[in-house]
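The values are calculated or read from the model by the stated rules, or taken from the named source; none is laboratory data. Everything quoted here is computed from the prediction, not taken from an experiment. Because the Cβ atoms are built from the backbone with ideal geometry, glycine has one as well, and the counts that use them run over all protein chains shown. Ligands, DNA and RNA are stripped out before the accessible areas are found, and what is left, the full protein with its side chains, is counted by its heavy atoms. Shrake-Rupley method; radii C 1.70, N 1.55, O 1.52, S 1.80 Å.
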Amino acid sequence: MYDVVRQAYAKRAPEYTEALGSIKDMSPQDVLLISKWGKAVNGPVLDAGSGPGHWTDLLRTLKCEVVGLDMVSEFIGIAKDRFPSTSFVLGELSEIPLRSSSLGGILAWYSLIHLRPDDWGLVLTEFARTLRPDGSLLLGAFLGEQGTPFEHAITEAYYWSEVELLKQLDSAGFQPISVHSRCTNGFRPHLDVLARRC
């Protein structure tokens, strides 16, 4: 599964960066939410699934001690070229190359959408491992009927229901702080959850 996703994004990394690799291309609501969260995080931050690096760099400009992690080497190369003052490393979300309890916050903004629903628990548990107690996780996903696949522009992705996502977070040791959803004409429904590691 990871290889399929990695290869799909590797082939289209420059195209993806051109279309969706800038803060100006993002929803103003998302920029506001992530900025507010970043300013409030206490401790180092991981942008999990950092892609072309725009969210990672935004967090750096907000004075976060942040590193972007992505499994696509082409994205890491692009991000380093675009944002030389920001740190990026190659790695898997299921095996984050950081010490346990070393992070104050994790941003996982649409970075889990291609994982099969059965694989989410493993990644969320890894997030819990690397976060400090009371560390925060901000996660974005597509809202819909739980586990239903759909044809994403890059490769197959999955919808998540609010109920199931909260259940998965609870199982991994997280307590939800806030949940938001929205529907915008022309876009798939959005779901974001802010949670605290217990």
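Summary of values
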{"read-out": "Within segment 100-110, considering residues that are touching a helix residue (DSSP H, G or I) at 6+ places or on another chain (Cβ under 9 Å) and in contact (Cβ under 8 Å) with a residue 40 or more places away in the chain, the one surrounded by the fewest Cβ atoms within 10 Å (Cβ to Cβ)", "value": "Ser102"}
{"read-out": "Residue within segment 68-79 that is surrounded by fewer than 22 Cβ atoms within 10 Å (Cβ to Cβ) and free of Cβ contacts under 8 Å to residues at least 60 places away in the same chain present", "value": "yes"}
{"read-out": "Extreme residue, farthest from Phe75 (Cα to Cα), among residues of segment 143-162 that are in a strand (DSSP E or B) and open to solvent by less than 30 Å² (accessible area, probe 1.4 Å)", "value": "Trp160"}
{"read-out": "Any hit, segment 45-53, residues being hydrophobic (A, V, I, L, M, F, W, C), open to solvent by less than 50 Å² (accessible area, probe 1.4 Å) and either free of Cβ contacts under 8 Å to residues at least 60 places away in the same chain or not in a strand (DSSP E or B) (or both)", "value": "no"}
{"read-out": "Test for Leu115: is it crowded, with 16+ Cβ neighbours inside 10 Å, at pLDDT below 95 and touching a helix residue (DSSP H, G or I) at 6+ places or on another chain (Cβ under 7 Å)", "value": "yes"}
{"read-out": "Filter result (part of a strand (DSSP E or B) and either modelled with pLDDT under 95 or surrounded by 12 or more Cβ atoms within 10 Å (Cβ to Cβ) (or both)) within segment 163-180", "value": "Phe174, Gln175, Pro176, Ile177, Val179, His180"}
{"read-out": "Selected residue [of a type outside the set (Val, Ile, Thr) and touching a helix residue (DSSP H, G or I) at 6+ places or on another chain (Cβ under 6 Å)] from Leu122, Leu194, Leu131, Leu138", "value": "Leu138"}
{"read-out": "Within segment 17-44, tally of residues that are in a helix (DSSP H, G or I), more than 30 Å from Ser101 (Cα to Cα) and without any contact (Cβ under 8 Å) to a residue 60 or more places away in the chain", "value": "6"}
{"read-out": "Residue that is nearest to the chain's Cα centre (by Cα) [pool: residues in segment 54-71 that are within 18 Å of Ser102 (Cα to Cα) and part of a helix (DSSP H, G or I)]", "value": "Thr56"}
{"read-out": "Qualifying residues in segment 118-142 (those that are outside any strand (DSSP E or B) and not hydrophobic (A, V, I, L, M, F, W, C)) - the one least open to solvent (accessible area, probe 1.4 Å)", "value": "Thr130"}
{"read-out": "Residue that is nearest to the chain's Cα centre (by Cα) [pool: residues in segment 181-198 that are assigned to a loop (DSSP other than H, G, I, E, B) and not charged (D, E, K, R)]", "value": "Pro189"}
